[in-house]
Amino acid sequence: MVDKNNMNMINEQLFEFMTKIYNEMQEGFKQVNLKIDGVENEAKKTNTKIEHEVISKLDALFDGHKQNSDKLDRIEEEVSKHEEIILRRIK
């Protein structure tokens, strides 16, 4: 049988051990949170870079494509007009 003094000593040791483990876990959580914050900040920087650099370049690319498409439509319309004139003269 365990006497009261031994039980108190065991309880104190157990409490100290649990406190140590708790503190180590809390420190680990702090480190994980710092790493997550770093990853989130890096993701925000990357997203901002994409928004400012890549999207503006894509917009310029699509604008150029639209201008080329409009120009080709105008050229096609002019060619059709000339084609009609040529066909009328041949007949």
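The values are calculated or read from the model by the stated rules, or taken from the named source; none is laboratory data. Bear in mind that the values here come from a model prediction, so they are computed numbers and not experimental data. SASA here: full protein model, heavy atoms, side chains in, ligands and nucleic acids out. Shrake-Rupley method; radii C 1.70, N 1.55, O 1.52, S 1.80 Å.
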Quiz prompt | Matching option when the condition is more than 30 Å from the chain's Cα centre (by Cα) and open to solvent by less than 100 Å² (accessible area, probe 1.4 Å), among 55, 85, 36 | solution = 85
Quiz item: Does the range 68-82 hold any residues that are aliphatic (A, V, I, L, M) and open to solvent by 100 Å² or more (accessible area, probe 1.4 Å), and which are they?
Solution: 72
